[in-house]
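What follows is a set of notes on a single structure, which appears directly below.
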């Protein structure tokens, strides 16, 4: 397989970086963004740092990683991870739940670096690449492009190409991959793997060749929770409502800089061995259903829950069944947080009871799914 087959979707190659760096540094939008992020470093110094990077991963470690570490200090209570028995000498496709547009994959790379793994190539939708410099930057940062808004025939061709590229990345480039379990974020945090994602991944070869690892991402707080609630009301009240580019930018900015509390990344075992137990004559529809359900079970089982998840579940349920999992001060802190987020809502005619229920549901669903996964696991023992 020739890498140039994928020139329109793949990350930039090391030999292409100098020209891309020059293009970025001549773009006013990129320079403005850089000066906002690196407030205390002159643009000339940033330029020198960029142009000294010979590989994409060197760029990530020298310019991206430090920014993300500083962001964690300012907007979180810290991040932890556990990759279990995974080996840094192997390549994996991390299939994760999807909370934040930018940070899910960015923080995964931080954790991979900290644990001695190669950083992941990142599947990113072209709908987010709203400026030429953004498209350049994400491709420097090891992203490959998911093409959307295509007709059916074009979508099939694009899906086949992306699948072949994923197999090429794992088995010939020996890089890791990050891909969300579904297109777009699960706004209500009820994380379910779309079978269409698995079907796409299988177009280029056997799923076992991708070495899929279900990975659970757990943020204590989602700074975009009130924006997601606004979107739920808009979709309820406005037929055919769709977010604008400015909405996407606001979500990206809020997600990056907003307060997240504790963050944890927990991997399940690679599913290769489990896939080998499935009957070879299993109908394709049943196969993809079973794989999706298995990934969901592993992600739900590996959530890290926080007091706010249990409190939201009790508030929604109208009982105190989870009372042992939080204190009075935990509950008061969450109630204060909830009031603060609701006060940020700026839509016309806000249905505050509905919006409050939407946000509570976002925090309760991980607890609901986790408790169900534990119960299912117990039944299998």
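The values are calculated or read from the model by the stated rules, or taken from the named source; none is laboratory data. Source: prediction; values computed, not measured. We place every Cβ from the backbone using ideal geometry, glycine too, and count neighbours over all the protein chains shown.
Assess whether residue 266 counts as being touching a residue at least 60 places away in the same chain (Cβ under 8 Å), out of contact with any strand residue (DSSP E or B) (no Cβ under 7 Å at 6 or more places or on another chain) and surrounded by fewer than 21 Cβ atoms within 10 Å (Cβ to Cβ).
Here the answer is no, as residue 266 does not meet what is asked.
For the stretch 150-187, which positions are in a loop (DSSP other than H, G, I, E, B) and more than 23 Å from residue 104 (Cα to Cα)?
150, 151 - these are the residues of the stretch 150-187 that are in a loop (DSSP other than H, G, I, E, B) and more than 23 Å from residue 104 (Cα to Cα).
Only one of 236, 304, 208 is in contact with a strand residue (DSSP E or B) (Cβ under 9 Å, 6 or more places away or on another chain) and not in a strand (DSSP E or B); which?
Residue meeting the stated conditions: 304.
Which of the residues belonging to the stretch 103-139 are part of a loop (DSSP other than H, G, I, E, B) and either modelled with pLDDT of 95 or more or surrounded by 17 or more Cβ atoms within 10 Å (Cβ to Cβ) (or both)?
If the condition is that a residue be part of a loop (DSSP other than H, G, I, E, B) and either modelled with pLDDT of 95 or more or surrounded by 17 or more Cβ atoms within 10 Å (Cβ to Cβ) (or both), then 115, 116, 117, 118, 119, 129 are the ones that fit.
How about the stretch 1-36: which of its residues are assigned to a loop (DSSP other than H, G, I, E, B) and farther than 23 Å from residue 120 by Cα?
Scanning the stretch 1-36 gives 26, 27.
I'd like to know if the stretch 195-209 contains one or more residues that are in contact with a helix residue (DSSP H, G or I) (Cβ under 6 Å, 6 or more places away or on another chain) and closer than 22 Å to residue 359 by Cβ.
no
Of the conditions (1) outside any strand (DSSP E or B); (2) under 18 Å from the mean Cα position of the chain (by Cα), residue 215 clears all except one; give me its number.
Answer for residue 215: the failing condition is (1).
Kindly indicate whether residue 54 is outside any helix (DSSP H, G or I), out of contact with any helix residue (DSSP H, G or I) (no Cβ under 7 Å at 6 or more places or on another chain) and either within 22 Å of residue 121 (Cα to Cα) or not assigned by TED's automatic domain parsing to the domain that holds residue 132 (or both).
No; evaluated as a whole, the condition is false for this residue.
Before we move on, is residue 112 out of contact with any strand residue (DSSP E or B) (no Cβ under 6 Å at 6 or more places or on another chain), closer than 21 Å to residue 247 by Cβ and touching a residue at least 12 places away in the same chain (Cβ under 8 Å)?
No.
When you look at residue 189, is it touching a strand residue (DSSP E or B) at 6+ places or on another chain (Cβ under 6 Å), in contact (Cβ under 8 Å) with a residue 24 or more places away in the chain and surrounded by 20 or more Cβ atoms within 10 Å (Cβ to Cβ), yes or no?
no
Mind checking whether some residue in the stretch 37-55 is on the phi > 0 side of the Ramachandran plot and surrounded by fewer than 18 Cβ atoms within 10 Å (Cβ to Cβ)?
No, there is no match, as no residue in the stretch 37-55 is on the phi > 0 side of the Ramachandran plot and surrounded by fewer than 18 Cβ atoms within 10 Å (Cβ to Cβ).
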